Amino acid sequence: MVVNDSASTLEKVVLTGSGFSEELGSSAPGSRRQITVDLRSNSGIRLEFDVAGRHFESDNRWNFESGKGHLVVFQIEKNFTISTRLVPRGF
């Protein structure tokens with residue numbers, strides 16, 4: 001899930017990981033967008049986007065096992081910092 005808590009539109013939003021790249025387009029201020037990605041192998045997931053010509057990307061510290069049904073929330077703050085959290089399945 002991508003949560004845009006900034007006051008700006010995020011452009012060229014992309015989720016990437018081992019064996020996939022999912023282009024999400026733009027994300028309006030205040031928007032929440034859930035995306036389903038089928039991981040075929042263990043993978044990290046990275047979020048990238050642009051705002052006013054500046055490029056931002058999350059770190060790739062999470063490693064997910066395929067087939068586990070993880071919900072990963074990327075929250076973009078007002079200053080464009082990206083926090084990432086894992087929500088256990090079923091919540």
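Since every read-out is calculated from the coordinates, none of them should be taken as a lab result. Note that the coordinates shown come from a computational prediction; the quantities given were computed from them, not determined experimentally. All Cβ positions, even for glycine, are placed from backbone atoms using ideal geometry, and neighbour counts span all protein chains on display.
List every residue pair whose Cβ atoms sit under 6 Å apart, with the two residues 6 or more apart in sequence or on different chains, where the first one lies in the range 43-57 and is touching a residue at least 40 places away in the same chain (Cβ under 8 Å) and the second, anywhere, is exposed (fewer than 15 other Cβ atoms within 10 Å of the Cβ) and in a strand (DSSP E or B).
Filtered contacts from the range 43-57: D50/E11; D50/K12.
I'd like to verify a number: residues in the range 1-26 that are under 11 Å from the mean Cα position of the chain (by Cα) and surrounded by 13 or more Cβ atoms within 10 Å (Cβ to Cβ), how many?
Qualifying residue count for the region: 11.
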